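The values are calculated or read from the model by the stated rules, or taken from the named source; none is laboratory data. All of these numbers come straight from a predicted model, not from anything done at the bench. Here the Cβ positions follow ideal geometry from the backbone for every residue, glycine too, while neighbour counts run over all protein chains shown. Keep in mind that these areas ignore ligands, DNA and RNA; they rest on the heavy atoms of the full protein, side chains included. Shrake-Rupley method; radii C 1.70, N 1.55, O 1.52, S 1.80 Å.
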Amino acid sequence: LWREAKTQGLLDPEKTRRKWIVTTDDRLDVELCEPMDDESRGVVGLEEPWELPDGRKVMVPQEAHPNCRCTAGLVFKERGE
């Protein structure tokens with residue numbers, strides 16, 4: 001959906017980032033998912049993969065491990081950033 005929005009000119013890839021949204025509860029995977037809550041690791045370009053703490057690259061949180069309950073959202077650069 002995000003790629004289609006980019007193709008239609010609705011999302012500017014220079015101003016749009018994807019953010020890993022961690023599900024913080026007692027079932028949180030502290031080795032793979034919790035570190036993704038860090039801004040430097042958990043925010044990537046619109047079409048860039050995330051790099052997990054174990055070195056794997058994934059495009060969606062659900063590729064991290066079976067039953068991952070984390071998700072992704074969009075964040076936008078403010079003017080002047």
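Pairs are defined by a Cβ separation below 9 Å, a sequence spacing of at least 6 or placement on different chains, a first member in region 35-48 that is open to solvent by 30 Å² or more (accessible area, probe 1.4 Å), and a second member that is among the aromatic types (Phe, Trp, Tyr) and at pLDDT below 95; the pairs so defined are 47/2. Here residue 55 passes the criteria (1) loosely packed, with under 11 Cβ neighbours inside 10 Å; (2) at pLDDT below 95; (3) part of a loop (DSSP other than H, G, I, E, B) except the one numbered (2).
The single condition from (1) out of contact with any strand residue (DSSP E or B) (no Cβ under 8 Å at 6 or more places or on another chain); (2) open to solvent by 70 Å² or more (accessible area, probe 1.4 Å); (3) at pLDDT below 95 that residue 9 fails is (2).
Cβ-Cβ contacts under 8 Å between residues 6 or more apart (or on different chains), taken from a first residue in region 1-29 that is farther than 24 Å from residue 65 by Cα to a second residue that is open to solvent by 60 Å² or more (accessible area, probe 1.4 Å) and part of a strand (DSSP E or B), are listed as 15/76; 16/76.
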